[in-house]
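The structure appears right after this line, and notes come after that.
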Amino acid sequence: LAHGLQGKLAMDRKDYHAATDHFIACLERYSTEEVALKNLAFIGRRMGEANDHAGAERAFRAAIQFDPSATEPYLFLADALMRTGRADSSIVLLDHVTAMKPDHADAFRLKGEVYAVYLKQPAVAEENFLKAFELNPNNVSVTDNLGVAAFQRQDYPQALAFFLKGVEAKPHDARRLRNVSETYRMMGDVARSEEFAQRARKAQEVGPAK
């Protein structure tokens, strides 16, 4: 497993391209080497965070090649493709994940984001967010997006219900408090709108929610 060791050393010095080469070479000889597979996903994420999208894509594709049954690298690759103008290809990958694992809430969440932000299809986005919510009702990113979708449709009671879930989970988040305030304002409840606006201002003064 010399390539595995060299890959780890390269990873430690943050030479992620060299690390990718070594882990791929390791997997070409030992295709089920779990540490090398995990490290490919890790360095792919690190390269993505550094906006090295080509490097991240190569690492994720290699992880998928050697272990096509693992869903995590598909999601990472879909996210990378989404951020580099290939939203349609991202959807293809996410559809593959949901076909493999129909209860994969994060895949539906990410599909919702792709449709909402990149493909500008709000109705399809909402369908996917609703599926993600059905599978995992505690994901505040999903409830935030569902609140936005309902607000845009002017269904303010439903928007409020979703936005309040976000505030319940993160009561000192200024952005989420402002969402509730604005929704109450649109519903004509001035007193409640001001109450949450004050809470938002206080949260903003204290700093970002933890």
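Can you send over the carbon and sulfur percentage of the accessible area for the range 83-210, probe radius 1.4 Å, protein chains only?
Numbers: 3750 of 7220 Å².
Summing carbon and sulfur atoms, their accessible area is 52 percent of the total for the range 83-210.
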Which value in nm describes the separation of the simple spin-label points at L5 and F42, placed 7 Å from the Cα toward the beta carbon? 1.8 nm
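Suppose R0 equals 25 Å. What FRET efficiency, 1/(1 + (r/R0)^6) with r the Cβ-Cβ distance, do A70 and E49 give to the nearest 0.05?
On the way: r = 20 Å, r/R0 = 0.82.
The value I calculate is 0.75.
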Apply 1/(1 + (r/R0)^6) to the Cβ-Cβ distance of Q198 and N138, taking R0 = 30 Å, and write down the FRET efficiency to the nearest 0.05. 0.65
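Just the number please: accessible area per residue for the range 1-95, 1.4 Å probe, all protein chains included, in Å². Kindly include the intermediate steps, with their values, before the conclusion.
Details: 4940 Å² over 95 residues.
Value returned for the range 1-95: 52 Å² of accessible area per residue.
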Labelled set [x] 0.95; [y] 1.24; [z] 1.16; Cα Rg over 2.2 N^0.38 Å computed from this model equals the value at [y]
Taking only Cα atoms, what is the 0 to 90° angle, nearest 10, from helix 2-12's long axis to the longest principal axis of the chain? 40 degrees
Rounded to the nearest 20 debye, dipole of the chain from Cβ charges on Lys, Arg, Asp, Glu: 520 debye
Folded to 0 to 90 degrees: helix 122-135 orientation relative to the chain principal axis, Cα: 80 degrees
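The values are calculated or read from the model by the stated rules, or taken from the named source; none is laboratory data. Fair warning: this is a prediction, and the values are worked out from it, not measured in the lab. Virtual Cβ from ideal backbone geometry, glycine too; neighbours counted across all protein chains shown. Ligands, DNA and RNA are stripped out before the accessible areas are found, and what is left, the full protein with its side chains, is counted by its heavy atoms. Shrake-Rupley method; radii C 1.70, N 1.55, O 1.52, S 1.80 Å.
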